[in-house]
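This report refers to the structure that appears directly beneath it.
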Amino acid sequence: MTATAGWTGLVSGTLAAVVVAVLGTDVLGPLSLGVIDLKGQGASFVAAGAAFVVDIAVSVAVTLVTQPRPESEPARAGLQPDPQAGLPRRDRGRA
């Protein structure tokens with residue numbers, strides 16, 4: 001999965017859950033429209049399911065149309081693996 005796909009999937013899934021809550025009955029108080037007859041725990045379950053399905057669908061779709069980062073490029077600029085990371089502290093030359 002590309003970074004763009006992860007971000008867009010997360011945002012899309014969250015928005016899908018909010019849409020279900022707004023369409024539910026008395027889920028968000030006066031903000032709820034009552035289009036879908038869901039209340040309480042049922043609305044939360046459907047919102048979570050919608051978020052999951054939309055997140056996966058959007059993430060897969062965006063991954064298929066975006067280019068992954070080249071393997072030769074580090075994940076973040078300036079962060080290089082420490083070749084001595086596994087050594088005890090005294091063997092690193094520090095006091």
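Scanning the range 23-41 for residues that are at pLDDT 85 or above and surrounded by 14 or more Cβ atoms within 10 Å (Cβ to Cβ) turns up L23, G24, T25, I36. May I ask you to say which residue of R69, R94 is modelled with pLDDT under 60 and either in a loop (DSSP other than H, G, I, E, B) or surrounded by 14 or more Cβ atoms within 10 Å (Cβ to Cβ) (or both)? Residue meeting the stated conditions: R94. Which members of the range 49-66 meet the condition of being within 15 Å of A21 (Cα to Cα) and loosely packed, with under 14 Cβ neighbours inside 10 Å? Selection gives G49, F52.
The values are calculated or read from the model by the stated rules, or taken from the named source; none is laboratory data. Just so it is clear, the structure is predicted and the values come from calculations on it, not from any experiment. With ideal geometry, Cβ positions are generated from the backbone for all residues, glycine too; neighbour counts draw on all protein chains shown.
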